[in-house]
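Asker: For reference, the structure I am asking about is given below.
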Amino acid sequence: MDDTIKNGYFDACKKHNVETLVKSFFANPKWESFVSPDDDNYHLNASGQIAYENKPVNAVIQFEMDGDDRWQINAFEINGEAQNDFMVAELINEMCLSAGN
């Protein structure tokens, strides 16, 4: 299931797959997958450092499988603090720009 997410694309940025975007934006990205005991759904986390307001911060973006071949972003955190939908959209935009949209 990791490959389904890593090889997937965002509608806003179809030139590059998720794995390419994460590698171009996160410093030393790490991937971790698990099945949540809360909802029995499969999740894949990408974590590492990103620049936010010109400072390095720790970030985690969590993807969740939503059906056989469908996935969505379930969460985005900066330094352990949950971010809203606006920040998720900004993250996707910045990752696309970083990879050369």
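Any read-out appearing in this document is the output of simple, stated calculations on the displayed coordinates, not a laboratory observation. This structure is a prediction, so every number in the text was calculated from the model and none was measured. All Cβ positions, glycine included, derive from the backbone under ideal geometry; neighbour counts span all protein chains shown.
Asker: Considering each of 75, 82 in turn, give the residue that is within 12 Å of the chain's Cα centre (by Cα), more than 23 Å from residue 100 (Cβ to Cβ) and not basic (Lys, Arg).
Answerer: Step by step, each of 75, 82 is checked, and only 75 is within 12 Å of the chain's Cα centre (by Cα), more than 23 Å from residue 100 (Cβ to Cβ) and not basic (Lys, Arg).
Asker: Can you give me the number of residues within the stretch 1-38 that are surrounded by 13 or more Cβ atoms within 10 Å (Cβ to Cβ) and assigned to a loop (DSSP other than H, G, I, E, B)?
Answerer: Going through the stretch 1-38 one residue at a time, the tally reaches 6.
Asker: Take residue 51 and tell me if it is more than 14 Å from the chain's Cα centre (by Cα) and aliphatic (A, V, I, L, M).
Answerer: yes
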